[in-house]
Amino acid sequence: MSEEPRYSLPGVETQKGFVPAVVRYLDSRIGLAGFLSVLRKKEVPVHKHAVWYYVGGITLFFFVMQLLTGFLLLVYYQPTAPHESVQAIVSQVEFGWLVRSVHSWSANLMVVSAFVHMFSVFFMRAYHGKRDLLWYSGILLLMLAFGLGFTGYALPGDEVAYFATKVGLDVAASTPGVGSTIANLLRGGEDITTTTFQRLFALHAAVLPVLFMPILFLHLWLVQRHGNHVPEDLKPESIKQVPFFPTFFLNELIVWLLCLNLLTVLAAIFPWELGAAADPLKPAPLGIHPEWYYMAQFQLLKLMPSEIGPVPGELVGMGLFTAAAGAWALVPLFDRTAKRARRVLYGGFAALTGLIVLTIWGYLAI
Amino acid sequence: MKDENRFSRRDVGKIVVGGVAATYAGALGYPVVRYLASPPGMDEGSDVNEVTLDAPDAYERGSGILFRFGRKPAMLLRRPDGAFAAFFASCKHLGCTVQYQEQQDRIFCACHGGVYDPSTGRNVSGPPPRPLDPLEVDATGAKVVVRRPRSAGNEAG
């Protein structure tokens, strides 16, 4: 990076006018030229699997939509009157139903694309070697997204939200040792009250997003640093490169517009429902179940007998799931030789199949 | 045909891209603006035209109280001669709620020192540019009734 041209925009050093002046100003203060030349030199490989490169960007798009619609919901949502305020948003505020529907749909689509992104990275072995931190930061982002999903699901305070939150926190409470303490800290006591909504709201709208952002920037910066991973079964010399800017960027922009269209059409045609206000005295509604991305765990818990030997069945189920998720998160540690890579690949197929089977089974068993 | 070359292919492309971008900006911007501009309960109290207060005798001569007129603060004064006067209590300078000061017999705004006449609401000294917005008082019945003036001027303040 020593003999770089000073300005990557040709002629900007001498050109008159507002834009060159702004570029010169920013360059002298923050080194914009370096940034621009990195952007100009960045290239993205094109090959038969290159379509997967867009999925991370799609996840990012849905996250940005979550931020924007979240800011809007923040204007009217009240954790002290959760159901009433969401009811007011969807019935009194103009386009409030749409904003809330987009937020809910985008949350689900973000988890979908995050899963697709993760599995495509896994099966292309893009977590390998020096890319391990990309994998670990991605796993952290997924866990935070799950936390955002869980806390956000609770906030409308309707029946399903109430029981999902109750079950979720009871599951957390059954963790040996610190479980009940953590659950009580989240709830602000033994029961779900206004205090609980205030806390889940604080986590959802402040704590988790603030934790999310720096990890997201690390993740994106690591992509810049290591470039796009090319699967090993492709011959590197036969692979064409296209410039990131403008070619890939414009393609990504089109993908984002398609996502925006899909999102708004889904949100408008299938507005997210708001159930009746939660009432602890009413029995849990029949067929109640969590969001689809918790369905596999849900089904596994349902399959466990009440006791397996001396251990509660619930704990065995959770233990199994936690062990599998932990192994998944640490896969860069296992995958170090070609022989192991093959085993990891089979393990990945088994995990994906297990998740899909449990999820479908869960829906059939409702 | 000279006009054939007025728009180049590039110009047409720019217009199309610009038009699509503007359409998206409008389609996204309009709901956002409407969303922010329509808080729930915004209309509550804005259609209040009349407020019934206590019996006339409940108010001492030379006193002033604040009450709610819809969503806006208002002031009822009973003058030393027994007459009533009422105003919206938002200062015409920058909207602080004014107070009646018995000692000086004046309506005073603590924010920037505006002073109004307690019988007429006229701005007497300090920064206020206009008199307080008036309300009509009917003290002939069992209760004092305060009404928005029929010929609604700029009282919405």
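The values are calculated or read from the model by the stated rules, or taken from the named source; none is laboratory data. No experiment lies behind these values; they were computed from the predicted model shown. A quick note on method: Cβ atoms are made from the backbone with ideal geometry, for glycine too, and the neighbour counts reach across all protein chains shown. To get the accessible areas, we keep the full protein, side chains included, count just its heavy atoms, and leave off ligands, DNA and RNA. Shrake-Rupley method; radii C 1.70, N 1.55, O 1.52, S 1.80 Å.
Using every alpha carbon pair in the range A:148-205, what percent of pairs falls into each 5 Å bin from 0 up to the bin containing the largest distance?
Result returned by the calculation: 4, 22, 33, 28, 11, 3, 0.
Go through the cysteines of the protein assembly as shown and tell me which have no other cysteine Cβ under 4.7 Å away.
A:259
Taking the dipole about the Cα centre of chain A, with the C-beta of Lys and Arg at +1 and of Asp and Glu at -1, give me whichever of A:357, A:76, A:215 is farthest to the positive side.
About the Cα centre, the residue reaching furthest to the positive side is A:215.
What is the distance in Å between the Cα centres of the range A:76-138 and the range A:346-366?
Each part's Cα centre sits 22 Å from the other's.
Residue-wise, which Karplus ³J(HN,Hα) couplings in Hz belong to the range B:129-143, taking 6.51 cos²θ - 1.76 cosθ + 1.60, θ = phi - 60°, and x for glycine or proline?
Couplings: x, 9, x, 5, 5, x, 10, 8, 10, 10, 10, 8, x, 6, 10 Hz.
Let's see if you can work this out: charge +1 on each Lys and Arg Cβ, -1 on each Asp and Glu Cβ, no other charges. What is the dipole magnitude of the range A:184-298 about its Cα centre, in debye to the nearest 20?
Values: 6 positive and 9 negative charges, 46 e Å.
Magnitude of the dipole: close to 220 debye.
Would you please name the GluC sites (Glu not before Pro) within the range A:257-366 that are DSSP coil residues with at most 12 other C-beta atoms within 10 Å of their C-beta?
Numbers: sites: A:273, A:291, A:307, A:314; in loops: A:273, A:291.
Of the GluC sites (Glu not before Pro), the ones in loops of the range A:257-366 whose Cβ has at most 12 other Cβ atoms within 10 Å are A:273.
Step by step: find N for the range B:43-154, compute 2.2 N^0.38 Å, then divide the Cα radius of gyration by it. What's the final number?
Details: Rg = 13.4 Å, N = 112, 2.2 N^0.38 = 13.2 Å.
Cα Rg divided by the expected 2.2 N^0.38 Å: 1.01.
Within chain A, what is the number of lysine pairs with alpha carbons under 14 Å apart, leaving out pairs fewer than eight places apart on the same chain?
Total qualifying Lys-Lys pairs in chain A comes to 4.
Could you run the Karplus curve 6.51 cos²θ - 1.76 cosθ + 1.60 with θ = phi - 60° over the range A:312-321 and give me ³J(HN,Hα) per residue in whole Hz, x for Gly and Pro?
Once θ is set to phi - 60°, the couplings for the range A:312-321 become x, x, 3, 5, 5, x, 4, x, 4, 5 Hz.
Pull up all non-local amide H partners of residue B:114: gap of 5 or more, or a different chain, and H-to-H distance under 5 Å with H placed in the peptide plane.
Those qualifying (amide H under 5 Å, at least 5 residues apart or on another chain) are B:109.
Between the range A:158-223 and the range A:24-55, how far is it from one alpha carbon centroid to the other, in angstrom?
Measuring centre to centre over Cα atoms gives 37 Å.
So how much accessible area does residue B:15 have, in Å² to the nearest 10, using a 1.4 Å probe?
About 100 Å², ignoring ligands and nucleic acids.
Rounded to the nearest 20 Debye, what is the dipole magnitude of chain B about its Cα centre when Lys and Arg each give +1 and Asp and Glu each give -1 at the C-beta?
Values: 20 positive and 18 negative charges, 170 e Å.
Once rounded to the nearest 20, the dipole reads 820 debye.
Which residue, B:63, B:80, B:98, has the largest displacement toward the positive end of the dipole of chain B when charges sit on each Cβ (Lys, Arg +1; Asp, Glu -1)?
My answer, from the dipole projection, is B:98.
How about the range B:6-65: which trypsin sites (Lys or Arg not before Pro) there are in a DSSP loop, with at most 13 other Cβ atoms within 10 Å of their Cβ?
Values: sites: B:6, B:9, B:10, B:14, B:34, B:61; in loops: B:6, B:61.
When the trypsin sites (Lys or Arg not before Pro) of the range B:6-65 are filtered for loop state and at most 13 Cβ neighbours within 10 Å, B:6, B:61 remain.
Please work out the average accessible area per residue across the protein assembly as shown, using the 1.4 Å probe convention, and give it in Å². Walk me through the numbers before you get to the answer.
Details: 30070 Å² over 523 residues.
With all protein chains present, the protein assembly as shown gives 57 Å² per residue.
For chains A and B, what's the summed buried accessible area, probe 1.4 Å, to the nearest 100 square angstrom? All intermediate terms of the calculation are to be shown ahead of the outcome.
Details: alone 20850 and 10430 Å², together 30070 Å².
Protein heavy atoms only, the A-B interface buries about 1200 Å².
Using only the Cα atoms of the protein assembly as shown, what semi-axes does the equivalent ellipsoid have when each is the square root of 5 times a gyration tensor eigenvalue? Give whole Å, largest first. Mind showing how you got there, number by number?
Working: eigenvalues 674, 287, 87 Å².
After scaling each eigenvalue by five and taking roots: 58, 38, 21 Å.
If contacts are Cα pairs under 8 angstrom and at least 6 residues apart, what is the relative contact order of chain B in percent? Walk me through the numbers on the way to the answer.
On the way: 247 pairs, mean separation 27.5, N = 157.
Contact order relative to length: 18 percent.
Given a Förster distance of 51 angstrom, what is the FRET efficiency for residue A:254 paired with residue B:120, based on the Cβ-Cβ distance and rounded to 0.05?
0.15
Per-residue Cβ counts within 10 Å, from other chains only, averaged over A:91-100: what number is that?
Per residue, the number of nearby Cβ atoms from other chains is 5 on average.
Give a quick list of GluC sites (Glu not before Pro) in the range B:64-157 that DSSP marks as loop, anything other than H, G, I, E or B, with at most 12 other Cβ atoms within 10 Å. Walk me through the numbers on the way to the answer.
Numbers: sites: B:102, B:136, B:155; in loops: B:102, B:155.
Within the range B:64-157, the qualifying GluC sites (Glu not before Pro) (loop, at most 12 other Cβ atoms within 10 Å) are B:102.
Across peptide A:70-81, what mean number of C-beta atoms from other chains lies inside 10 Å of a residue's C-beta? Walk me through the intermediate numbers first.
Details: counts 0, 1, 4, 1, 0, 3, 5, 0, 0, 0, 0, 0.
Across A:70-81, the average partner-chain Cβ count within 10 Å equals 1.
Let me know the longest stretch in chain A that avoids all trypsin sites (Lys or Arg not before Pro) found in a DSSP loop with at most 14 other C-beta atoms within 10 Å. Let's see the in-between values first.
Details: sites that count: A:6, A:16, A:48, A:336.
That would be A:49-335.
Ignoring everything except DSSP H segments at least 4 long, calculate the 222 nm mean residue ellipticity for chain B; use -39,500 (n - 2.57) per segment, divide by total residues, nearest 500.
Values: 1 runs with 28 residues, N = 157.
Calculated at 222 nm, the ellipticity per residue is -6500 deg cm²/dmol.
State the percentage of accessible surface on chain A attributable to carbon and sulfur atoms; use a 1.4 Å probe and exclude ligands, DNA and RNA.
Values: 14120 of 20280 Å².
C and S fraction of accessible area: 70 percent.
Round to a whole angstrom and tell me the spacing of the C-alpha centers of the range A:250-300 and the range B:67-111.
53 Å
If amide H atoms are built 1.01 Å from N in the plane of the peptide, which residues on other chains or at least 5 residues away come under 5 Å of the amide H of residue A:44?
Under 5 Å from the amide H of residue A:44: A:242, A:244.
Which value, in debye to the nearest 20, gives the size of the charge dipole of the protein assembly as shown about its Cα centre, when Lys and Arg are +1 and Asp and Glu are -1 at the Cβ? Present the calculation step by step, with values, prior to reporting the outcome.
On the way: 45 positive and 41 negative charges, 426 e Å.
My answer is approximately 2040 debye.
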